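What follows is a set of notes on a single structure, which appears directly below.
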Amino acid sequence: MAVQSSLKNMVICLFSTCFICSALLAGVYALTKKPIDETNAKILKDSVSAVLPEGGELSEAAPITVGGQPSEYYVSTKNGEPVAYAIKSTTVGFGGPLTIMVGITADGTVYNTSVLSHAETPGLGAKCNTDEKFMAQWKGFNPAEKILAVKKDNGDVDAITASTITSRAYTLAVKNAVEAMKTL
Amino acid sequence: MSKFKLITKGLVKDNPTFVLLLGMCPTLATTTSAINGLSMGLATLFVLVLSNMAISLIAPVVPDKVHIPVYIVVIATFVTLLQFLMQAFVPSVYASLGLFIPLIVVNCIVLGRAEAFANKNSIVDSAFDGIGVGLGFTLSLTVIGIVREILGSGSIFGWKFLAGDGMLAFVMAPGAFLVLGYLMVLFNKFVAKK
């Protein structure tokens, strides 16, 4: 049935298989690169505009250090005055990295937060993206008056039921962003 | 064997999940909800059909001693291709299945069908075999996903019929083993008893 397993045949076969496969992949990569970039850019843009007050003029991404990690932020300006910052913040959740966008107004109050990517357990930690009660509490959260820690750690953040680790990671991400914003 | 039989064989008698017990890792890990199970099944179906066809086509010219590496390269190519396509067009599904898409490469169902069927059958038969086994896998994963979602989250396909949380254990790993085990018993008792 199959051709003889001589060295020559094996080399030719493996080489041509790899060659054709790489060519195919390179082609598909080139074709899908644009839609992938557009999708990612849209996700980022949506999350930035979701966490900032409306009507501001948005700056380009600028580098910043958040919680010791390099990250990026966006400034929203009105009449030349910065009114709010959107800071990308990553911490380690229960299932892997948890990346969120934190919007902070110029007076240091959290305006809103939004999840960029997470690897939390569906039905548990993944609720950080859907649980209305958990998400709503970040709107107008003032770190000067309230403590940025979950209630279990004597803070003022309501954790998601049965997902303390995710809630802690989320809270830490917000805290890091708030602290990073002070350096701006 | 008729084309119809090739498809039903993968669904019932050679059901990859409940009878052959192949591909257990993605089965246990991705079936946290009905939609996740369904997407994982369809992703595997896509790779299975294409790799079965490609392998039945090239099998006659592949020397025996290197056939495994060649098959793996072919399968890996289709998986990477699928990954690009999902990232571009269904980013939300890609986000929830993430890690498990690349793992389709080492899913023993895919290599198993290549070894056991595709390399000695015609391209058309191989395609139908891929569809049958792929559908069997998809169906099993969806059923496991539905059961786990009902018990664990009180919803079906994201539609919530129960306020509050379900039995959270069913969303996590122990629930996966329990549901898989009981469904396997039921399947073998009532469906595949011959």
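Considering every residue within segment B:160-171, establish whether at least one is in contact with a helix residue (DSSP H, G or I) (Cβ under 8 Å, 6 or more places away or on another chain), without any contact (Cβ under 8 Å) to a residue 60 or more places away in the chain, acidic (D, E) and not in a helix (DSSP H, G or I).
yes
Output the number of the condition that B:F4 fails; it satisfies all remaining conditions of (1) surrounded by 18 or more Cβ atoms within 10 Å (Cβ to Cβ); (2) more than 10 Å from chain A (Cβ to nearest Cβ).
Evaluating B:F4 over (1) surrounded by 18 or more Cβ atoms within 10 Å (Cβ to Cβ); (2) more than 10 Å from chain A (Cβ to nearest Cβ) leaves (1) as the failure.
What number of residues within segment A:58-80 are acidic (D, E) and either within 12 Å of chain B (Cβ to nearest Cβ) or loosely packed, with under 11 Cβ neighbours inside 10 Å (or both)?
1
Hey, among A:A149, A:A136, which residue is within 30 Å of B:L151 (Cβ to Cβ), away from chain B (no Cβ under 14 Å) and at pLDDT below 90?
One residue alone meets the criteria, A:A136.
Being among the aliphatic types (A, V, I, L, M) and either modelled with pLDDT under 85 or touching a helix residue (DSSP H, G or I) at 6+ places or on another chain (Cβ under 8 Å) (or both) narrows it down to one residue among A:A61, A:A26; which is it?
Answer to the check: A:A61.
Which count do you get for residues in segment B:149-182 that are closer than 27 Å to B:F46 by Cα, surrounded by fewer than 17 Cβ atoms within 10 Å (Cβ to Cβ) and either away from chain A (no Cβ under 14 Å) or in contact with a Gly (Cβ under 7 Å, 6 or more places away or on another chain) (or both)?
Selection size over segment B:149-182: 2.
Restricting to segment A:41-57, count the residues that are loosely packed, with under 15 Cβ neighbours inside 10 Å and within 13 Å of chain B (Cβ to nearest Cβ).
Residues meeting the conditions: 3.
Would you list the helices (runs of 4 or more DSSP H) that sit entirely within segment B:63-148 and hold 1 or more residues that are within 14 Å of B:L48 (Cβ to Cβ) and either at the interface with chain A (Cβ under 9 Å from one of its Cβ atoms) or at pLDDT below 90 (or both)?
The qualifying helices (runs of 4 or more DSSP H) are B:67-89, B:108-116.
Within segment A:88-105, take every residue that is in contact with an Asp or Glu (Cβ under 8 Å, 6 or more places away or on another chain) and more than 10 Å from chain B (Cβ to nearest Cβ) and give me the one that is nearest to A:S59 (Cα to Cα).
For segment A:88-105, the residue satisfying everything is A:K88.
Here are some residues: B:A88, B:A43. Which one is small (G, A, S), surrounded by 23 or more Cβ atoms within 10 Å (Cβ to Cβ), over 24 Å from B:G181 (Cβ atoms) and out of contact with any strand residue (DSSP E or B) (no Cβ under 7 Å at 6 or more places or on another chain)?
B:A43
Looking for something charged (D, E, K, R) and closer than 28 Å to B:L82 by Cα - is there at least one such residue anywhere in segment A:69-78?
no
Given the criteria within 14 Å of chain B (Cβ to nearest Cβ) and touching a Leu at 6+ places or on another chain (Cβ under 7 Å), does A:T121 qualify?
The answer is no for A:T121.
The values are calculated or read from the model by the stated rules, or taken from the named source; none is laboratory data. If you're wondering where the values come from, they're calculated on a predicted model, not measured in any experiment. Reconstructed Cβ throughout: ideal geometry from the backbone, glycine too, with neighbour counts over all protein chains shown.
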